[in-house]
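> Take a look at the following structure, please.
FYI, it's all coordinate maths here, none of it is from the lab. Keep in mind it's a predicted model, so treat the numbers as computed, not measured. Cβ: placed from backbone, ideal geometry, glycine included. Neighbour counts: every protein chain shown.
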Amino acid sequence: MIAESEKVHDICFVQTGIIVKCINLSSEEKLKEAAKTVFLKKGFAGTTARDIADAAGMNIALTNYYFRSKEKLFVEIFRDLFELYCTNTIKILDRPVELKEKIIAIIEEDYRMMKEEPSLVLFIMTEIHRDCENLLPELSKYKELLKGKLVGHIQEAVQKGIIRNIEVEHLMPIIIGSLQFIFVGKNMHMKMHSMSEAQFDKYTETHKNHVIGMVTNYLFTDLNLN
């Protein structure tokens, strides 16, 4: 049996009358960070509670105490990652700047996240494919908020003749897909073109600039609104 001590800043876990370990209140976040790293590397199916506990430097009893199951922890991690993306994008859409600047900023933000977490794209695609029915409802609140804001901006710009008539359902895959492929195929690109890590970083930066140019030129240039 696992019990908590009455300490305010430390939690002591006791098993059969023996103190197993005392930790501070940040341990839950430490476990989540370790779980994120392991899940991104191995996916849900390839990860065990023992893997997470080892990565966090804790025993498995603490992992089970905080999150009860691997499934519960996974859903929290998945939701956090998606929420982070949506929150950053919503902040961009709320900026008091022109739509063109917002679209460029969204591309820059997608690129930044993919560069910092290159395995994130494959992780999200794989896990949604694995368990779409259960994961998508977890994301619906953020998806609808993000889509609603972007649809409003696009529809207003189309009505004013600022951009081409395009639906968000087409615009976002154009943006995200154009960036995703270079990170999902990182090993392939590096092998095929004999790139070092530094060369690959330069390649992705150049590719990102091409995506910005192609998307903004398609939306704005033909209307002579550059």
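> Can you divide the C-alpha Rg of segment 81-158 by 2.2 N^0.38 Å and report the result to two decimal places?
Output field value: 1.19.
> Can you pull the Kirkwood radius for segment 26-68, inverse mean 1/r over Cα pairs, to one decimal in Å?
Numbers: mean 1/r = 0.1005 Å⁻¹.
Final number for the Kirkwood radius of segment 26-68 is 10.0 Å.
> For 89, 216, what ranking results if the residue with the fewest other Cβ atoms within 10 Å of its Cβ goes first? Walk me through the numbers before you get to the answer.
Working: 89 22, 216 18.
Ranked by crowding around the Cβ, least crowded first: 216, 89.
> Kirkwood hydrodynamic radius, segment 73-223, all distinct C-alpha pairs: what's the number in Å? Display every interim value, and only then the final one.
On the way: mean 1/r = 0.0600 Å⁻¹.
Roughly 16.7 Å, rounded to one decimal.
> Sticking with this one: Would you list, by chain and number, the aspartates and glutamates whose Cα falls below 16 Å from the Cα of residue 72, excluding same-chain residues fewer than 8 positions away?
Result set, ordered by chain and number: 28, 29, 33, 51, 80, 127, 131, 133, 138.
> State the answer as a single residue: which of 135, 67, 43 lies farthest towards the positive end of the charge dipole of segment 20-157, with beta carbon charges of +1 for Lys and Arg and -1 for Asp and Glu, about the Cα centre.
67
> Once phi is turned into θ = phi - 60°, what whole-Hz ³J(HN,Hα) does the Karplus curve with 6.51, -1.76 and 1.60 give for every residue of segment 74-82, x standing for Gly and Pro?
For segment 74-82, the Karplus-derived couplings read 4, 4, 4, 5, 4, 5, 4, 5, 5 Hz, x marking Gly and Pro.
> What order do you get for 159-168, 33-42 when each peptide is scored by the mean count of other beta carbon atoms within 10 Å, highest first?
33-42, 159-168
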